[in-house]
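As structure tokens, the structure follows; a few thoughts come after it.
The values are calculated or read from the model by the stated rules, or taken from the named source; none is laboratory data. Computed from a prediction, not measured in an experiment: that's the story for all the values here. Cβ atoms come from the backbone with ideal geometry, glycine included; neighbour counts cover every protein chain shown. What goes into the accessible areas is simple: the full protein's heavy atoms, side chains included, and nothing from ligands, DNA or RNA. Shrake-Rupley method; radii C 1.70, N 1.55, O 1.52, S 1.80 Å.
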Amino acid sequence: MDLIDIGANLAHDSFDADRDVVIARAQAAGVGQLIVTGATLAASQAAIALARARPGVLYATAGVHPHHAAELGPGELPRLRALLADPAVVAAGECGLDYFRNFSPAAAQRQAFALQLQLASECGRPLFLHQRDAHADFMAALREHGARLRGVAHCFTGEAAELEDYLELGLHIGITGWICDERRGRHLLGLVARIPAGRLLLETDAPYLLPRDLVPRPASRRNEPCYLPHIAATVARARGESIEACLAHVATATRALFGLALPPASP
Ligand SMILES: [Zn+2]
């Protein structure tokens, strides 16, 4: 299998005790490459350190999640610009808008998002985008930013109209184990078939969003990149594709968007 987890929060402290084991378990499951999400300046720095230690296997994003938007003032821009210039960084984000909990005030979120859209285009990085309960403002910010958008709407959980909006903007769509959730993810089973080959990407969002239908159910609630094959199988089935055909176009699209090399040959 040739699987790439485009959204793994491996810098999260829930992996501090066994990060190497988690990565080895992912590789043994066929997940040969992972993009480590940076959600704050410090976490982005940590993601870069992880990626540097495992070139060709781990990559990083650098950005400030909307929950932390209030931390990104003009004074922090030089640091974020430097992080984005690091060769281990393959995307700007995660950035976007999240009005579900409003951990940062909406106005601060919009400002931090606009700054990061600007930085991403300055440094030529694709976007790693997060949006929850903020679709209209999110679309307005992206449209204002320009016609040529490269990036992924990560952890897509929306309805058909949102999906059409993102596809029209040229975005890729990241699907997580949300699709395995019989309470709130059913609609995604119908929607994933509408994502053209070449625009579909896969991710776990570990340690969050443990797929609810894993058998046997893991004792820990922690999600791990080694469960990506389970998500991929669900997505392929919903699209009416063989797992091989699905993984082939997903891997090609992922490497093209983020500029990833092929994984190092396994020993
Ligand atoms: Zn997110």
Could you tell me whether any residue of the stretch 126-146 is over 14 Å from Leu97 (Cβ atoms) and modelled with pLDDT of 95 or more? yes
Kindly state which helices (runs of 4 or more DSSP H) lie completely within the stretch 127-235 and contain at least 3 residues that are of a type in the set (A, V, I, L, M), at negative phi and open to solvent by less than 50 Å² (accessible area, probe 1.4 Å). 135-145, 160-169
Evaluate the stretch 97-108: report whether one residue or more is modelled with pLDDT of 95 or more and under 18 Å from Thr37 (Cα atoms). yes
